[in-house]
Amino acid sequence: MKYVIKNGSVVFKGGVKKCDVLVEDGKIAALGDIPCDADVIDAEGMHVFPGLIDMHVHLREPGFEGKEDIESGSKAAVAGGFTQICCMPNTNPVNDNAVVTTYIKYRAEQVNLCKVHPIGSITKGEKGEELAEIGKMAQAGAVAISDDGRSVMDSKIMRLAMEYAHGFNLKCLCHCEDENLVDGGVVNEGLNSTITGLKGSIRAAEDIMIAREIALSESLDIPVHICHVSTYSGTELIRSAKARGVKVTAESCPHYFWLTDDVIRSFDTYTKVNPPIREERDRLAVIEGLKDGTLDCIVTDHAPHSKKDKQVEYSLAAFGISGIETSFSLSYTKLVKDGDMTLPELAERMSAAPARILGLEGGEIKVGAPADITIADLAAKYVIDGEKFLSKGKNTPFNGTEVYGKVAYTIVDGDVKYSAQQCAAFAAVCRCAGGRGAESGAEIKLIRENKINQRRGL
């Protein structure tokens with residue numbers, strides 16, 4: 001397949017430039033003023049980004065398909081502009097062996113929307129007691145290891161995990177909370193936990209484990225990655241470590257730079273997340289950390305749940321926010337439109353950095369790179385409505401929030417997997433063609449090609 005993305009403003013590492021992008025055989029073949037000798041996607045008034053990469057999502061399959069599955073999660077991902085996603089291992093059975101890793105890869109290939117990279121668990125059953133089959137999972141396609149949702153409380157086991165994983169060129173992605181200090185807390189410990197009567201979790205529970213992972217990384221000279229940083233003090237620990245050369249990277253999420261724990265006064269269980277939403281000084285610190293690169297990337301920690309998991313009293317509700325369809329808009333609106341970050345910096349946090357941290361192809365628009373591309377209309381304004389999500393999880397605390405930046409096209413290896421203008425047709429094609437394409441508008445005749453292939457039995 002050959003076509004040209006014309007008239008768009010392309011977001012490069014060094015700036016934004018109006019130029020055309022020639023896509024041929026799944027690769028970016030040329031950049032510049034390209035003659036119209038091929039089919040065209042007209043990106044007039046839009047911005048062309050390297051395909052977004054989310055290195056922290058929960059697809060729930062196998063075992064919890066009522067919350068999400070690989071197909072529904074992939075549909076949600078491409079609708080959110082993501083060309084690659086990395087899924088956490090807290091499934092049932094846990095992804096702690098090559099069989100489950102292989103299954104996830106197989107199902108993702110069947111769905112064939114975005115690229116899905118499994119993350120294996122650090123310990124068997126995520127119990128923190130015995131190392132999982134790290135080498136076998138690496139051979140099967142795992143791109144990292146994590147006991148996400150749980151910290152490995154035994155420091156010796158954590159050390160062994162870091163050393164063993166490093167031998168397979170895998171990073172440990174660390175959920176940082178001291179479970180003893182959390183002690184059943186469901187919100188940030190502070191004024192609002194006192195007002196609501198909800199049990200609080202002290203920010204030190206996160207900071208102590210961040211400090212431990214940094215200490216291990218520094219002592220072993222092995223890279224480590226800190227998941228979903230939420231505290232001002234944790235951000236400062238990472239900043240200080242980086243300043244002295246520690247090989248630590250870190251991430252945060254839109255709910256941490258948008259919200260404060262004032263939201264829990266509504267007792268809306270869609271605000272319940274782990275680690276909890278913190279205070280204003282934490283929110284501002286996360287923004288500053290993303291701005292100066294202390295926090296390397298923006299992830300969603302996409303954690304879809306069924307309504308029955310959330311429609312209970314706050315202390316009993318499941319932790320998690322469904323965020324993969326809103327991450328780009330929330331990030332652009334709060335960070336770029338509000339003036340804290342440039343478009344190239346946003347692309348770095350949402351594409352280049354995740355690719356670099358995990359050693360994935362992509363993350364940059366350049367000749368020869370995979371044609372993983374996200375096209376967005378930054379002027380488009382809309383109101384978030386979780387009930388319209390393609391994800392099975394409708395649990396967002398951002399219902400009713402007005403944001404800017406709507407994904408128009410998501411392109412994976414040159415194939416248009418999502419088109420906002422043809423979303424209904426997209427869903428229909430995915431159903432009838434096994435997820436092998438989506439309509440990109442009149443310019444690219446993918447629907448016609450899919451119908452031809454169906455008649456041919458392909």
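Taken together, the values in this text are just the output of simple stated rules run on the coordinates, not laboratory data. Note that the structure is a prediction, hence the values are computed from the model and not measured. Here the Cβ is made from the backbone with ideal geometry for all residues, glycine too, and neighbour counts use every protein chain on show.
Some points to look at:
- Given K337/K392; K13/K171; K75/K115; K247/K291, the pairs whose alpha carbons are separated by over 21 Å: K337/K392; K13/K171
- Rounded to whole Å, the principal axis extents of the Cα atoms in the range 322-402 read 40, 31, 21, largest first.
- Kirkwood-type radius of the range 16-170, with distances r between different C-alpha atoms, in Å: 17.4 Å
- Long-range amide H partners of D296 with built H, under 5 Å: A250, E251
- Each other residue within a Cβ distance under 13 Å of G400 adds +1 if Lys or Arg and -1 if Asp or Glu, for a net charge of -3.
- Ranked by the mean number of other Cβ atoms within 10 Å of their residues, highest first, the peptides 316-328, 219-231 fall in the order 316-328, 219-231.
- In a DSSP loop and with at most 13 other Cβ atoms within 10 Å, the trypsin sites (Lys or Arg not before Pro) in the range 353-397 are K366.
- Averaging the sequence gap over all C-alpha pairs within less than 8 Å and six or more residues apart, then dividing by the number of residues, gives the range 239-333 a relative contact order of 33 percent.
- The alpha-carbon atoms of the range 200-254 define a convex hull whose volume equals 68 cubic angstrom per residue.
- Relative packing of peptides 11-24, 245-258 - highest average C-beta neighbours within 10 Å first: 245-258, 11-24
- Positive-end residue of S322, S72, T269, charge dipole of the range 51-358 with Cβ unit charges: S72
- The chain - charge dipole about Cα centre, Lys and Arg +1 at Cβ, Asp and Glu -1, debye rounded to 20: 900 debye
- Alpha carbon convex hull of the range 269-352, volume per residue in cubic angstrom: 99 Å³
- Each part gets one Cα centre, and for the range 192-225 versus the range 1-47 those centres are 44 Å apart.
- Here the Karplus relation 6.51 cos²θ - 1.76 cosθ + 1.60, evaluated at θ = phi - 60°, turns the backbone of the range 396-411 into coupling constants of 10, x, 9, 3, x, 7, 8, 9, 10, x, 10, 5, 9, 9, 10, 10 Hz, with x for every Gly and Pro.
- Where both bridge residues fall in the range 51-358, DSSP classifies roughly 5% of the beta bridges as antiparallel.
- As an equivalent ellipsoid, the chain spans semi-axes of 35, 24, 22 angstrom, where each value is the square root of five times an eigenvalue of the C-alpha gyration tensor, largest first.
- Nearest 10 degrees, 0 to 90: helix 423-432 Cα axis against the chain principal axis: 90 degrees
- Amide H contacts of I28 (H built 1.01 Å from N, under 5 Å, at least 5 apart or other chain): G368, A369, A371
- Modelled FRET efficiency - R0 25 Å, L220 with V367, Cβ distances, 0.05 increments: 0.05
- With helices as the sole contributors, the chain gives -8500 deg cm²/dmol at 222 nm; each DSSP H run of n ≥ 4 counts as -39500 (n - 2.57), and the sum is divided by every residue.
- Listed residues I298, F257, T123: farthest to the positive end of the dipole of the range 51-358 (Cβ charges): I298
- The range 1-86 - share of DSSP beta bridges that are antiparallel (%, nearest 5): 60 percent
- Those aspartates and glutamates that a straight Cα-Cα span of less than 13 Å connects to K18, excepting residues fewer than 8 apart in one chain: D33, D42, E44
- Cα centroid separation, the range 126-180 to the range 299-320: 25 Å.
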